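The values are calculated or read from the model by the stated rules, or taken from the named source; none is laboratory data. Worth saying up front: this structure is predicted, and the values here are computed from it rather than measured. Cβ sites come from the backbone with ideal geometry, for glycine too, and all protein chains shown count toward neighbours. Surface accessibility is based on the protein's heavy atoms, side chains included, excluding ligands, DNA and RNA. Shrake-Rupley method; radii C 1.70, N 1.55, O 1.52, S 1.80 Å.
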Amino acid sequence: MRRFLLIACLGALAGAPTAQAQTAAPAAPATRYWVALADKNGTAFDPQAYFSAPARARRARQHLPAFEESDRPVRADYLARIRAAVDTVTLISRWFNAVAVRATPAQAAALGALPGVRAVAAWPQQPARAAVAARRVAPVPPAAAADEPPYIAPEDYRLARRQTAVLGAPAWQRAGLDGRGLRIALFDVGFRGVDAHPAFAALRARHGIVATHDFLANRPDVYRGGSHGTEVLGCLAGRLPGGPSAALAAGPALGLAPAADYLLARTERALRETLSEEEAWLAAAEWADREGADIINSSLAYTEQRYFPEQMNGRSLVARAAALAAHKGMLVVCAAGNDGDTDWVRIGTPADADSVLAVGGLDPDTGLHLAFSSVGPSADRRVKPDVSAFGIVLSTTPGGRYERLEGTSFASPLVAGFAACAWQQRRGLTAAQLYGQLRAAGDLHPYFDYASGYGLPRAAFFLEKNAGRAVEPTFDFVPNDSLVAVVLRPAATTRPAQELPLVADAPDAPDAPGPPPPSAPAPSPGPGPNSPPYLYWHLADRRGVLRRYEVRAVTQRLVLQVPRRLLRGGDALRVEFNGYTATYSE
């Protein structure tokens, strides 16, 4: 594992062979270099011609300038000299005023002497690893006949309804919010089967996929690669099959933004990961900006095969690209990663960028952090992940199937759909304001930890006028000589009765063909009635950095006792229970 260093790596290999040599030495292989340019002087640029109408409207809506220096093209004369000096140009970046190339060390040395070249840096050669592999948690179901919907087990149908219900699907639907008018870009490994899967029939019928591009093969077709993007798109715009009388007609949505428009970008290879994927991510971000994306969902994470833990500080190429996308008015939503139960443990990049909404995974059975979901903080001690959603879901897979999958790859699009509904409801927000409000909407806020962030976003935060009202205290801090005890108030220990459904819930779409199968009961919005309530607590230092955090199942009123000596250095004890958060310090 080598450090990812953006420094010049110049110079040729050993000199020419001596006269006694019988054969010439083999040529040095071409490797990747990043060529930073000095300026954009004299470049002509017409933002009306370059940006699509939705892109111009997004900028105007957020009071952003029509264009910035970073939008102007790379100078043609600089580019021509570089093309003539190297084997291949693999990327031209307006945003960074730079060019990525394949070149020999000798060619790289010559590049550094060209007019307009500010610096030449060697890319590392080790492969990357992106968190794009979804783990199946149920056997692959058999393919259904063409004239009948696929079988979905009742427990899977229930999961499909709960993964959106916990994010406020019924409330969003009552408010008529479904992502309409928003453009969402997906960066992934491929979207095999999206062009034929019945879950996307309604999306295709309304031409909701407005643009596609494969940034690795440089072609518009994104339906030949892997299927991870198909699974991710299912958590945004896929639909369950309709009732038995409607065969393949559209049923309830698997995500919260079935009416949004989509830009599909292939930026990843399924089996071989190289730095070209980060270059492709940057190219896709510039493309998404030009095409008018409001939201970017990136269910990818780069970790130990390219970086050291201390480099998860928002300064990698892909993290800087994500931050610049946010600066240009796009909300960037990223999976935290699936390394929580590995030696790496922590979030990957670009989820480490400070303006990227990093999403962790929750267990649908308990509502708690899933062991495989990567944890924070970032290397410079910022709160990551930002929020969380179900990391075990039902989604779409090629062949017209639906499968139970796990990974933060699917928590991320669930939250991206939530963000689309929120932005549709509060269209005047800037991307930065929306980012802040999504964090504030977390069901744990203002409490946070490095496993769940601020928790599961609440639709009520955006839809109810009194969502921010004061919450009645549910516990008290009781200090004594050596300990600070956290004692629940009697009223907080009484759990309200839960009304059990008598019939299945109705479909969420006006044109849905009828009620779901009777075997699929209505979803509950959280852990089951037999699960214990949970108390969250952490110790934070003067800078707000957590020294320790924990979740405890509540079985008695005296839940926690913290030694007071731990608080005398300026640390603060913060506790959250049933929506109430309080802090104790000395």
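Just one of the numbered conditions (1) modelled with pLDDT under 95; (2) buried (at least 24 other Cβ atoms within 10 Å of the Cβ); (3) charged (D, E, K, R) is not true of ARG136: (2).
Count of the stretch 9-64 residues, restricted to those that are under 29 Å from LEU263 (Cα atoms), at pLDDT below 95 and open to solvent by 70 Å² or more (accessible area, probe 1.4 Å), is 1. Using the structure shown, decide if ALA321 is among the hydrophobic types (A, V, I, L, M, F, W, C) and in a helix (DSSP H, G or I). Here the answer is yes, as ALA321 does meet what is asked.
Within the stretch 571-586, being of a type in the set (S, T, N, Q), part of a strand (DSSP E or B) and open to solvent by 50 Å² or more (accessible area, probe 1.4 Å) holds for THR583, SER585.
Looking at this structure, is ALA211 within 30 Å of SER93 (Cβ to Cβ), surrounded by fewer than 15 Cβ atoms within 10 Å (Cβ to Cβ) and either modelled with pLDDT of 95 or more or of a type in the set (A, V, I, L, M, F, W, C) (or both)? So ALA211 fails the test. VAL345 fulfils the conditions (1) touching a Gly at 6+ places or on another chain (Cβ under 9 Å); (2) surrounded by fewer than 24 Cβ atoms within 10 Å (Cβ to Cβ) except for a single criterion, (1).
Only residues that are open to solvent by less than 40 Å² (accessible area, probe 1.4 Å) and of a type in the set (Ser, Thr, Tyr): list them for the stretch 147-157, please. TYR157 - this is the single residue of the stretch 147-157 that is open to solvent by less than 40 Å² (accessible area, probe 1.4 Å) and of a type in the set (Ser, Thr, Tyr). Looking only at the stretch 521-536, how many residues end up being at pLDDT 90 or above and over 26 Å from the mean Cα position of the chain (by Cα)? Of the residues in that region, 3 qualify. Looking across the stretch 348-395 at every residue that is in a loop (DSSP other than H, G, I, E, B) and among the aliphatic types (A, V, I, L, M), the one that is surrounded by the fewest Cβ atoms within 10 Å (Cβ to Cβ) is identified as ALA371.
Across the stretch 254-313, the number of residues qualifying as in a loop (DSSP other than H, G, I, E, B) and among the polar types (S, T, N, Q) comes to 6. Taking first residues from the stretch 432-449 that are more than 18 Å from ILE296 (Cβ to Cβ) and partners that are in a strand (DSSP E or B) and of a type in the set (Asp, Glu), the Cβ contacts under 8 Å between residues at least 6 apart in sequence or on separate chains come to LEU444/GLU576; TYR447/GLU576. Looking only at the stretch 158-208, residues that are over 22 Å from SER227 (Cβ atoms), part of a strand (DSSP E or B) and open to solvent by less than 10 Å² (accessible area, probe 1.4 Å) come to 0 in all. For the stretch 72-94, a residue qualifies if it is farther than 17 Å from LEU275 by Cβ and either in contact (Cβ under 8 Å) with a residue 40 or more places away in the chain or in contact with a Leu (Cβ under 8 Å, 6 or more places away or on another chain) (or both), and the qualifying residues are VAL74, ARG75, TYR78, ARG81, ILE82, ALA85, ARG94. Across the stretch 407-458, the number of residues qualifying as within 13 Å of the chain's Cα centre (by Cα), hydroxyl-bearing (Ser, Thr, Tyr) and open to solvent by less than 10 Å² (accessible area, probe 1.4 Å) comes to 3.
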